[in-house]
Amino acid sequence: MLTILFDGIAYGMLLFVLAVGLAVTMGLMNFINLAHGAFAMVGGYITVLLMQRLDVPFLACLPLAFIGSALLGAVLERTLYRPLYRKPHLDQVLFSIGLVFMAVAAVDYYVGSTQQITQLPPWLKGRTEIGSLGMGHYRLFIIAVCAALTIALQFVLARTRFGSRLRASVDDQRVAAGMGINVNLVFLSTFAFGSGLAGLGGALGAEVLGLDPSFPLKFMIYFLIVVAVGGTSSITGPLLAALLLGVADVAGKYYIPKMGAFIVYSLMIVILLWRPNGLFVRQGGKA
């Protein structure tokens, strides 16, 4: 039981890092970016290809996956996404879904459709047994990295000048611009950082979740569940939602393999009936 809980927490923390960028773009920037999973796939493939073809160490690939995905996000935000900020949400959904299928087709053509294998360092392999608790070293590493990222992200959004400027830009762009805030730069930085987090999550999750061109399509629903259940106006909500989803998914697949997905979706429905706007809503912000 403790092992299942541990694996569920590790899975949930990974889902949080993968989905938190989507929570930021949907909640703080009011943009529905269903292509978020494509940035996670980019980070995963950057890691795998660097390790396979250039023998780059795994730990060195992680920041490169973040930087590569963030740069791609910055370029696409400036060229493709920005004109759609004021468009209806349906236009945003159709546009981002189109990007997903383009990314899937491009990766399938240039890299191939086979499942990619990540060779972890020896110290990240194996398990440590403490009584009835079995902890995989790599999952313990994921929990540590994701916990540090969560604390850093919460600090940036709540305690720094950039976080204040971002909240001001979201609440009223005209007033924020009148106060000297470069709203476009704030949104560009936020989108790039969210894309980078997705890429880092894809790099960390390549070994756990598997990596192939269909990655954005397979996990899109999980990202949306995290954002819908957790809410889009705080970091705490998506974190708690990701942990609930991770534990429910792992436990469901272990105890009732044929009904694992049913349990996850049932939990989502119950929570949304109880809290339609998500678990946490920032007062005065956009719901």
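Given the conditions (1) touching a residue at least 60 places away in the same chain (Cβ under 8 Å); (2) under 30 Å from Gln52 (Cβ atoms); (3) touching a Leu at 6+ places or on another chain (Cβ under 9 Å); (4) part of a helix (DSSP H, G or I), which single one is not true for Phe141?
(1)
Mind checking which residues of the range 245-257 are assigned to a helix (DSSP H, G or I) and aliphatic (A, V, I, L, M)?
Leu245, Val247, Ala248, Val250, Ala251
Quick test for you: out of Gly27, Gly44, pick the one residue that is in contact (Cβ under 8 Å) with a residue 60 or more places away in the chain, touching a Ser or Thr at 6+ places or on another chain (Cβ under 7 Å), assigned to a helix (DSSP H, G or I) and not polar (S, T, N, Q).
Matching residue, one of Gly27, Gly44: Gly27.
If I ask for residues that are in a helix (DSSP H, G or I), farther than 27 Å from Leu50 by Cβ and more than 23 Å from the chain's Cα centre (by Cα), which ones from the range 83-118 would you list?
Result: Pro83, single match.
Quick check: is even one residue across the range 172-188 of a type in the set (Asp, Glu) and under 25 Å from Val226 (Cα atoms)?
no
Rundown of residues vs (1) among the basic types (Lys, Arg); (2) under 30 Å from Asp108 (Cβ atoms); (3) in a helix (DSSP H, G or I), yes/no style:
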| residue | (1), (2), (3) |
| --- | --- |
| Asp212 | no, yes, no |
| Ser234 | no, no, no |
| Leu243 | no, no, yes |
| Met259 | no, no, yes |
| Ile271 | no, no, yes |
| Pro276 | no, no, no |
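Residue under question is Val208, and the condition is that it be part of a helix (DSSP H, G or I), under 24 Å from Leu62 (Cα atoms) and within 11 Å of the chain's Cα centre (by Cα); does it hold?
Taking the combined requirement at face value, the residue does not satisfy it.
I'd like to know if the range 174-186 contains one or more residues that are within 20 Å of the chain's Cα centre (by Cα), farther than 24 Å from Leu211 by Cα, buried (at least 17 other Cβ atoms within 10 Å of the Cβ) and not charged (D, E, K, R).
yes
Could you tell me how many of the residues in the range 145-184 are assigned to a helix (DSSP H, G or I), small (Gly, Ala, Ser) and either farther than 19 Å from Gly21 by Cα or touching a Ser or Thr at 6+ places or on another chain (Cβ under 7 Å) (or both)?
Residues that pass the stated criteria total 3.
Among the candidates Leu64, Leu50, single out the residue that is more than 24 Å from Val186 (Cβ to Cβ), in contact with a Ser or Thr (Cβ under 9 Å, 6 or more places away or on another chain) and free of Cβ contacts under 8 Å to residues at least 60 places away in the same chain.
Leu64
If we scan the range 81-94, do we find a residue that is over 30 Å from Arg165 (Cα atoms) and surrounded by fewer than 24 Cβ atoms within 10 Å (Cβ to Cβ)?
no
Identify the residue in the range 220-268 that is closer than 16 Å to Tyr11 by Cβ and among the hydroxyl-bearing types (Ser, Thr, Tyr) and, among all such residues, is surrounded by the fewest Cβ atoms within 10 Å (Cβ to Cβ).
The extreme case among them is Tyr255.
Among all residue pairs at least 6 apart or on different chains, which show Cβ distances below 6 Å where the first residue, located in the range 3-18, is farther than 19 Å from Gly194 by Cα and the second is aromatic (Phe, Trp, Tyr)?
Sorted first by the residue in the range 3-18, then by its partner, the pairs are Ile4/Tyr254.
Return the residue satisfying two criteria in turn: it lies in the range 127-152 and is loosely packed, with under 11 Cβ neighbours inside 10 Å and not hydrophobic (A, V, I, L, M, F, W, C), and of such residues it is farthest from Asp212 (Cα to Cα).
Gly131
Residue-wise test of (1) at pLDDT 90 or above; (2) touching a helix residue (DSSP H, G or I) at 6+ places or on another chain (Cβ under 7 Å).
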site	(1), (2)
Gly73	yes, yes
Arg78	yes, yes
Arg86	no, no
Phe101	yes, no
Gln119	no, yes
Pro122	no, no
Gly126	no, yes
Arg161	no, no
Ile181	no, yes
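One residue is enough: does the range 48-58 have a residue meeting the conditions touching a Pro at 6+ places or on another chain (Cβ under 9 Å), farther than 17 Å from Ile225 by Cβ, of a type outside the set (Val, Ile, Thr) and outside any helix (DSSP H, G or I)?
The answer is yes; a qualifying residue exists.
The values are calculated or read from the model by the stated rules, or taken from the named source; none is laboratory data. In this text, all values refer to a predicted model and were calculated from it rather than measured experimentally. As a convention, Cβ positions derive from the backbone with ideal geometry for all residues, glycine included, and neighbour counts pool all protein chains shown.
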